[in-house]
Amino acid sequence: MKFQLAIIGGGPAGYTAAEAAGKAGLSVVLFEKNSLGGVCLNEGCIPTKTLLYSAKVYDYARHASKYAVSVPDASFDLPKIISRKAKVVRKLVLGIKAKLAAQQVTVVNGEAYIVDKNTVRCADETYECEHLIICTGSQTVIPPIQGIDQVSYWTHRDALDNKELPRSLAIVGGGVIGMEFASFFSSLGVQVTVIEMMNEILNGIDRELAASLRTEYSKKGVKFLLGAKVTSLSQDDEGIHVHYENADGANSICADKLLMSVGRRPVTEGFGLENLNLELTERRHIRVDAYLRTSVPGVYVCGDLNGVSLLAHTAVREAEIAVKDILGEPEEMSYRAIPGVVYTNPEIASVGQTEEVLQANGTSYRTVKLPMAYSGRFVAENEGSNGVIKVLVDDKDTVLGVHILGNPASELIVLGGMMVEEHRNLEYFKRFVFPHPTVGEIFREL
């Protein structure tokens with residue numbers, strides 16, 4: 001079978017590339033060994049946000065009296081929350097299938113194997129292609145901690161399907177995944193302890209805002225052990241014991257359940273990638289240029305596999321850029337304004353440079369910071385809580401970075417990203433009329 005484009009991996013990069021190429025009239029075959037949507041849709045972005053929204057609604061119900069509303073005996077049903085999550089995922093997977101079918105994309109469910117840059121094998125069938133896009137995603141990193149093989153731990157996948165609440169949960173890793181699960185389980189009444197090797201949670205997020213979010217969750221009862229290196233694990237009738245070392249010396253905690261969330265790494269094995277002999281970077285990632293081309297002509301690598309930015313929205317844009325190049329409409333990929341969001345309650349979002357990076361690079365900057373209370377809409381909808389928007393600018397007031405703590409940071413951060421990407425200054429948004437009242441109006445107050 002011959003196709004103009006073969007795509008390995010049906011996650012955000014894969015299905016985006018397939019739809020775009022099919023819409024442009026190319027013959028496309030897409031290989032996916034599990035379910036369309038990849039990790040993001042099936043066991044990552046969408047399922048976690050579905051659970052987090054249920055937890056947020058429960059939080060609102062419990063604290064409804066702040067808004068002069070009475071919700072006596074607010075409760076939740078965890079099995080039904082998990083079932084709703086599965087329903088949402090099924091609906092969105094069917095939507096992707098429908099979109100691909102509409103563009104005449106051939107979807108092959110099975111494990112693809114790369115023979116060479118123009119040949120892919122799946123089961124007993126051989127597929128020839130003129131161009132190849134590889135987007136196999138990433139997988140959970142399980143560190144080689146002493147005793148880890150002797151304890152029953154969760155990965156994020158296990159936590160997403162769990163239908164019984166533990167009394168206590170230890171989370172190793174205070175990154176995005178760790179904090180989102182800390183948010184979910186603590187909202188449902190679980191005693192959560194986050195163990196983080198760095199001196200602050202959410203590495204890569206503005207330190208000041210990360211510390212503020214940690215303070216918020218400390219008030220909610222979440223315990224944080226920072227600068228703590230896990231040295232070993234053990235399990236007995238009492239629970240799972242996490243042994244660690246920090247500035248105070250050696251210590252341990254015990255919890256009913258343990259969630260490992262120390263990060264992810266690209267999937268590079270099991271599909272014949274080595275047969276292409278692609279050039280690697282110093283960090284052993286596949287080298288791609290601004291058009292997502294690899295060192296082998298006709299072969300592109302998008303998404304987590306290239307190691308540049310392990311985020312679904314980055315993968316989507318990379319896929320669009322790769323397809324444009326195949327179509328002879330080259331457009332460079334920009335990583336200047338890739339937003340990062342943590343969907344806790346409150347949310348935290350960041351785009352562009354952080355103070356830490358600017359300081360490390362010796363870049364001159366100043367900080368413009370406003371409480372979210374400058375927005376009337378925010379005050380009306382966030383009784384008893386506050387947030388902050390923090391903008392970093394250069395000596396010409398050109399925006400270098402935008403960082404937001406407070407709901408709905410995930411929806412607002414794209415405005416900051418536009419300013420960063422287009423090298424806009426603080427006056428830029430003053431020329432636009434924002435609807436009133438909206439939280440986004442705060443950009444006009446900067």
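The values are calculated or read from the model by the stated rules, or taken from the named source; none is laboratory data. No experiment lies behind these values; they were computed from the predicted model shown. Every residue, glycine as well, gets a Cβ built from its backbone with ideal geometry; the counts of neighbours run over all protein chains shown. Calculation scope for accessible area: heavy atoms of the full protein, side chains included, ligands and nucleic acids excluded. Shrake-Rupley method; radii C 1.70, N 1.55, O 1.52, S 1.80 Å.
Could you work out Rg/(2.2 N^0.38 Å) for the stretch 373-421, with Rg from alpha carbons only?
Details: Rg = 12.2 Å, N = 49, 2.2 N^0.38 = 9.7 Å.
So the stretch 373-421 has a normalised radius of gyration of 1.26.
Could you state the per residue volume, in Å³, of the convex hull enclosing the Cα atoms of the stretch 1-157? Before the final figure, lay out each step's value.
Details: hull volume 27.5 nm³, N = 157.
Given the Cα convex hull of the stretch 1-157, per-residue volume reads 175 Å³.
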Problem - Calculated SAXS-style log₁₀ I(q)/I(0) at q = 0.19, 0.20, 0.25 Å⁻¹ - the stretch 207-254, Debye, Cα scatterers - result: -0.75, -0.79, -0.92
Exercise for the section: Run down the lysines and flag those whose C-alpha is under 30 Å from the C-alpha of residue 257, throwing out any fewer than 8 positions away in its chain. Expected result: 49, 56, 80, 85, 87, 163, 219, 220, 223, 229
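I need the shape label for the stretch 151-214. Rule: rounded when a/c is under 1.5, else prolate if a/b > b/c, else oblate, with a, b, c from the alpha carbon gyration tensor. Write down the numbers at each step before the final one.
Numbers: a/c = 2.20, a/b = 1.80, b/c = 1.22.
Prolate shape, in that a/c is at least 1.5 and a/b is the bigger ratio.
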Handout entry: ³J(HN,Hα), Karplus 6.51/-1.76/1.60, whole Hz, each residue of the stretch 138-151, x for Gly, Pro
Key = 9, 9, 5, 8, 10, x, x, 7, 4, x, 5, 6, 9, 10
Practice task
Using a 1.4 angstrom probe on heavy atoms only, work out the carbon and sulfur share of the accessible area of the chain in %.
Solution key: 48 percent
Exercise for the section: Would you mind checking which residues have amide H under 5 Å from residue 347's amide H? H placed 1.01 Å from N; only 5 or more apart, or other chain. Expected result: 406, 407, 409
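Based on the alpha-carbon gyration tensor of the stretch 276-337 and its eigenvalue square roots a ≥ b ≥ c, which shape applies: rounded if a/c is under 1.5, prolate if not and a/b is larger than b/c, or oblate?
Numbers: a/c = 1.90, a/b = 1.11, b/c = 1.72.
Cα axes put the stretch 276-337 in the oblate bin.
Given the convex hull over the Cα atoms of the stretch 364-445, what projected area results after averaging over all orientations, in nm²?
Working: hull surface 20.0 nm².
Taking a quarter of the hull surface, the average projection is 5.0 nm².
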Exercise for the section: Taking amide H positions as placed in the peptide plane 1.01 Å from N, state which residues far from residue 267 in sequence (5 or more) or on other chains have amide H under 5 Å from it. Expected result: 137, 138, 139
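Tell me, what is the Rg over Rh of the stretch 249-378, with Rh the Kirkwood radius over Cα pairs? Show your work: numbers first, answer last.
Numbers: Rg = 20.1 Å, Rh = 18.7 Å.
Ratio of gyration radius to Kirkwood radius for the stretch 249-378: 1.08.
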Practice task
List the residues whose amide H sits under 5 Å from the amide H of residue 232, counting only those 5 or more places along or on another chain, with H placed 1.01 Å from N in the peptide plane.
Solution key: 243
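Please identify the longest segment of the chain free of exposed trypsin sites (Lys or Arg not before Pro), where exposed means a DSSP state other than H, G, I, E or B and no more than 10 other Cβ atoms within 10 Å. Walk me through the numbers before you get to the answer.
Working: sites that count: 283, 284, 396.
Answer - 1-282.
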Fill in the blank from the handout: Expressed as a percent, the portion of alpha-carbon pairs in the stretch 63-142 spaced more than 21 Å apart is 62 percent
Exercise for the section: Taking all pairs of distinct Cα atoms, average 1/r, flip it, and tell me the Kirkwood hydrodynamic radius of the chain in Å to one decimal place. Expected result: 23.7 Å
Exercise for the section: For the stretch 118-132, take each phi angle, set θ = phi - 60°, evaluate the Karplus expression 6.51 cos²θ - 1.76 cosθ + 1.60, and give the result in whole Hz per residue in order, putting x for glycine and proline. Expected result: 10, 9, 10, 10, 9, 6, 9, 9, 10, 10, 9, 9, 7, 10, 9
Handout entry: Antiparallel DSSP beta bridges within the chain, as percent of all bridges there, nearest 5
Key = 60 percent
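Which is the longest run of the chain containing none of the GluC sites (Glu not before Pro) found in DSSP loop states (not H, G, I, E, B) with at most 14 other C-beta atoms within 10 Å? Don't jump to the answer; show the numbers that get you there.
Details: sites that count: 164, 238, 269, 279, 282, 331, 332, 383, 422, 427.
The segment 1-163 is the longest one with no such site.
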Practice task
Using a 1.4 Å probe and counting only protein heavy atoms, arrange 218, 70 so the residue with the most accessible area comes first.
Solution key: 70, 218
Fill in the blank from the handout: Quarter of the surface of the C-alpha convex hull for the stretch 16-88, i.e. direction-averaged projected area in nm², equals 7.3 nm²
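Based on the alpha-carbon set only, what is the convex hull volume of the stretch 109-184 divided per residue, in Å³? Kindly include the intermediate steps, with their values, before the conclusion.
Details: hull volume 14.2 nm³, N = 76.
Value for the stretch 109-184: 186 Å³ per residue.
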Handout entry: Dmax and Rg, reported as Rg then Dmax, of the stretch 314-434 (C-alpha, Å)
Key = 16.2, 54
Handout entry: Residue-by-residue Karplus 3J(HN,Hα) for the stretch 176-191, coefficients 6.51, -1.76, 1.60, Hz, glycine and proline x
Key = 4, 4, x, 6, 5, 6, 4, 4, 4, 6, 5, 4, 8, x, 7, 7
